[in-house]
Amino acid sequence: MASSGIRIGAWDYLQWGHIRTIQKSNEIVAAKMIVYSGDDEEYYTFISKEAYMALFEWMSYKSLLEN
(Lines give C-alpha, C1' and ligand atoms only; values in the text may rest on other atoms or scores of the structure.)
Protein backbone atom coordinates (compact mmCIF):
# COMPACT_ATOMS: atom_id res chain seq x y z
CA MET A 1 0.00 0.00 0.00
CA ALA A 2 2.80 2.38 0.85
CA SER A 3 4.47 1.84 -2.51
CA SER A 4 1.29 2.60 -4.47
CA GLY A 5 -0.09 5.46 -2.40
CA ILE A 6 -3.66 4.18 -2.77
CA ARG A 7 -6.23 4.34 0.01
CA ILE A 8 -7.05 1.19 1.93
CA GLY A 9 -10.59 1.09 0.51
CA ALA A 10 -9.24 0.86 -3.05
CA TRP A 11 -7.92 -2.65 -2.36
CA ASP A 12 -11.53 -3.89 -2.24
CA TYR A 13 -11.90 -3.09 -5.96
CA LEU A 14 -8.47 -4.18 -7.13
CA GLN A 15 -8.17 -7.34 -9.20
CA TRP A 16 -5.03 -9.15 -10.28
CA GLY A 17 -5.74 -8.18 -13.90
CA HIS A 18 -5.47 -4.51 -12.93
CA ILE A 19 -1.74 -4.93 -12.26
CA ARG A 20 0.69 -5.05 -15.18
CA THR A 21 4.43 -5.41 -14.95
CA ILE A 22 6.85 -2.96 -16.51
CA GLN A 23 9.92 -4.68 -17.87
CA LYS A 24 13.29 -3.54 -19.08
CA SER A 25 15.61 -6.07 -20.75
CA ASN A 26 13.15 -8.85 -19.80
CA GLU A 27 13.39 -7.98 -16.09
CA ILE A 28 10.55 -6.61 -13.99
CA VAL A 29 11.43 -3.10 -12.83
CA ALA A 30 8.01 -1.92 -11.58
CA ALA A 31 4.30 -2.43 -12.07
CA LYS A 32 1.37 -0.25 -13.12
CA MET A 33 -1.86 -0.52 -11.15
CA ILE A 34 -5.27 0.58 -12.44
CA VAL A 35 -7.24 1.78 -9.42
CA TYR A 36 -11.07 1.84 -9.47
CA SER A 37 -11.05 0.30 -12.95
CA GLY A 38 -14.13 1.18 -15.02
CA ASP A 39 -15.29 3.83 -12.55
CA ASP A 40 -15.40 7.61 -13.03
CA GLU A 41 -12.70 7.76 -10.35
CA GLU A 42 -10.33 5.45 -12.29
CA TYR A 43 -6.66 6.35 -12.21
CA TYR A 44 -3.34 4.56 -12.39
CA THR A 45 -0.34 4.45 -10.12
CA PHE A 46 2.91 2.55 -9.96
CA ILE A 47 4.50 0.22 -7.45
CA SER A 48 8.10 -0.82 -7.01
CA LYS A 49 9.48 -4.16 -8.13
CA GLU A 50 9.73 -5.23 -4.48
CA ALA A 51 6.09 -4.34 -3.82
CA TYR A 52 5.01 -6.24 -6.93
CA MET A 53 7.00 -9.31 -5.89
CA ALA A 54 5.45 -9.25 -2.40
CA LEU A 55 1.97 -8.96 -3.93
CA PHE A 56 2.74 -11.77 -6.38
CA GLU A 57 3.89 -14.03 -3.53
CA TRP A 58 0.73 -13.25 -1.56
CA MET A 59 -1.53 -13.99 -4.56
CA SER A 60 0.34 -17.28 -5.18
CA TYR A 61 -0.08 -18.28 -1.54
CA LYS A 62 -3.74 -17.29 -1.55
CA SER A 63 -4.30 -19.35 -4.71
CA LEU A 64 -2.82 -22.42 -3.00
CA LEU A 65 -5.17 -21.99 -0.05
CA GLU A 66 -8.21 -21.80 -2.32
CA ASN A 67 -7.37 -25.05 -4.15
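The values are calculated or read from the model by the stated rules, or taken from the named source; none is laboratory data. Owing to the predicted nature of the structure, the values given are computational and were not obtained by experimental measurement. Note that we place each Cβ from the backbone using ideal geometry, even for glycine, and neighbour counts take in every protein chain shown.
Here are a few things to note about the model shown:
- Residue that is modelled with the lowest pLDDT [pool: residues in the range 9-67 that are in contact with a strand residue (DSSP E or B) (Cβ under 8 Å, 6 or more places away or on another chain) and among the small types (Gly, Ala, Ser)]: 10
- Checked against (1) buried (at least 16 other Cβ atoms within 10 Å of the Cβ); (2) over 13 Å from the mean Cα position of the chain (by Cα), residue 42 passes all but condition (1).
- The strands (runs of 3 or more DSSP E) found wholly in the chain and carrying at least 1 residues that are touching a His at 6+ places or on another chain (Cβ under 6 Å) occupy 27-35.
- Within the range 7-31, the set of residues being surrounded by 12 or more Cβ atoms within 10 Å (Cβ to Cβ) and under 22 Å from residue 63 (Cβ atoms) comprises 10, 13, 14, 18, 19, 20, 21, 28, 31.
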